[in-house]
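Notes to accompany the following structure.
The values are calculated or read from the model by the stated rules, or taken from the named source; none is laboratory data. For clarity, every value in this text was computed on a predicted model and none was experimentally measured. Don't worry about glycine lacking a Cβ; one is built from the backbone with ideal geometry, like all the others, and counts go over all protein chains shown.
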Amino acid sequence: MYNTTFICDQETDCILDLNGKIAVISGGSSGIGFGTAKLLSLKGAVSVILDIDEKRGKKAVLDITALGGKAEFVACDVTRDSDCRLAIESIADTHGTIDILFNNAGVIRRKTVENLEENEWDMVVDVTLKGAYLLSKYTVPVMAKTGGGSIINTGSGWGLKGGEKAVAYCAAKGGIVNMTRAMAIDHGPQGIRVNSVSPGDIDTPLLHDEAKQLGQDDESFMEEAADRPLRRVGTPKDIALAVLFFASPMSNWVTGTNLTVDGGGLA
Ligand SMILES: NC(=O)c1ccc[n+]([C@@H]2O[C@H](COP(=O)([O-])OP(=O)(O)OC[C@H]3O[C@@H](n4cnc5c(N)ncnc54)[C@H](O)[C@@H]3O)[C@@H](O)[C@H]2O)c1
């Protein structure tokens with residue numbers, strides 16, 4: 001079996017070092033967001049978790065702290081302008097800067113355009129797409145003032161191709177991938193890099209909830225999801241490693257790009 005152990009020499013070790021960096025992670029109390037908050041903290045960053053779920057957010061902080069990382073929680077509904085503004089202002093006041101923003105909160109409703117209610121469309125698009133706009137709107141000026149930063153948006157394979165019964169989600173994720181390019185053009189001159197990571201099926205509560213929404217047996221749904229060239233579903237850490245690449249100087253001259261991390265699902 002191919003050895004997937006993370007190997008570093010001294011230079012790459014240092015290039016992935018996030019000591020002293022402030023990383024803001026939306027949807028950071030669960031799944032991909034939590035896995036990423038954990039990894040960025042272990043690389044030295046202070047991970048500031050923004051989430052609508054306060055109880056889980058506070059537990060995430062305790063878990064990261066127990067591992068020796070630095071983390072904080074700020075309650076934030078990313079669909080609300082005032083929540084996003086206040087969260088980013090308070091983080092900038094406390095830490096003086098924001099170096100990394102991971103726009104990751106997202107929700108899915110597995111319905112066709114015929115069956116999807118207007119309020120469900122609004123909810124999916126507001127959390128998954130508008131949330132990234134709002135947090136970026138308030139973070140960009142902070143980053144620009146302190147010399148730049150890195151914004152990473154969570155796309156999806158379904159932002160690059162269509163998917164069955166997920167019309168609002170596909171619209172939102174397609175928006176994320178192209179918004180990433182537009183933001184990279186606008187904010188490159190301010191020293192801000194903007195990239196997206198597009199996961200394939202990752203073993204998180206969201207994926208299991210999809211099986212439930214479709215009325216499918218969880219085990220067979222997960223087996224189907226694993227049917228891809230690398231023969232397994234992904235883990236939050238698979239995505240966290242890609243986010244670390246974009247968050248660190250390892251990707252210093254990379255902006256406006258999308259990295260698909262899906263075990264070859266779209267190949
Ligand atoms: N799991 C997958 O297979 C998969 C595949 C492709 C893309 N993604 C994307 O990855 C991202 C993370 O998803 P996940 O799989 O880790 O799911 P998850 O359900 O484990 O985590 C999503 C997080 O977002 C938070 N959230 C929901 N609404 C919010 C709001 N209004 N304000 C703030 N936070 C809110 C939730 O509380 C939760 O902590 C999403 O954007 C999702 O679309 C997931």
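Couple of notes before you dig in:
- Cross-chain or 6+ apart pairs with Cβ under 8 Å, the range 98-125 first and at positive phi and modelled with pLDDT of 95 or more, then more than 16 Å from the ligand (Cβ to nearest atom) and part of a helix (DSSP H, G or I): none
- Residue count, the range 80-126 (criterion: among the aliphatic types (A, V, I, L, M), more than 10 Å from the ligand (Cβ to nearest atom) and under 23 Å from H208 (Cα atoms)): 3
- The range 131-156 - residue that is of a type in the set (S, T, Y) and part of a helix (DSSP H, G or I) and, of those, surrounded by the fewest Cβ atoms within 10 Å (Cβ to Cβ): Y133
- The range 239-262, subset out of contact with any strand residue (DSSP E or B) (no Cβ under 6 Å at 6 or more places or on another chain) and closer than 17 Å to L206 by Cβ, residue farthest from the ligand (Cβ to nearest atom): A240
Okay, residues lined up against (1) of a type in the set (V, I, T); (2) surrounded by fewer than 15 Cβ atoms within 10 Å (Cβ to Cβ); (3) over 13 Å from the mean Cα position of the chain (by Cα); (4) not in a helix (DSSP H, G or I):
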{"site": "F34", "(1), (2), (3), (4)": "no, no, no, no"}
{"site": "K55", "(1), (2), (3), (4)": "no, yes, yes, no"}
{"site": "F73", "(1), (2), (3), (4)": "no, no, yes, yes"}
{"site": "I88", "(1), (2), (3), (4)": "yes, no, yes, no"}
{"site": "I91", "(1), (2), (3), (4)": "yes, no, yes, no"}
{"site": "G106", "(1), (2), (3), (4)": "no, no, no, yes"}
{"site": "N119", "(1), (2), (3), (4)": "no, yes, yes, no"}
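- Filter result (farther than 19 Å from D53 by Cα and of a type in the set (A, V, I, L, M, F, W, C)) within the range 13-32: C14, I15, L16, L18, I22
Here's the yes/no breakdown for (1) surrounded by 14 or more Cβ atoms within 10 Å (Cβ to Cβ); (2) within 16 Å of the chain's Cα centre (by Cα); (3) at pLDDT 95 or above; (4) assigned to a helix (DSSP H, G or I):
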residue: L206; (1), (2), (3), (4): yes, yes, yes, yes
residue: S220; (1), (2), (3), (4): no, no, yes, yes
residue: R228; (1), (2), (3), (4): yes, no, yes, no
residue: I239; (1), (2), (3), (4): yes, yes, yes, yes
residue: F246; (1), (2), (3), (4): yes, yes, yes, yes
residue: V254; (1), (2), (3), (4): yes, no, yes, no
residue: T260; (1), (2), (3), (4): yes, yes, yes, no
residue: G265; (1), (2), (3), (4): yes, no, yes, no
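- The range 169-182: number of residues that are touching a residue at least 60 places away in the same chain (Cβ under 8 Å), more than 9 Å from the ligand (Cβ to nearest atom) and surrounded by 20 or more Cβ atoms within 10 Å (Cβ to Cβ): 1
- Test: S41 is among the hydroxyl-bearing types (S, T, Y), under 16 Å from G20 (Cα atoms) and away from the ligand (no atom under 14 Å from the Cβ): yes
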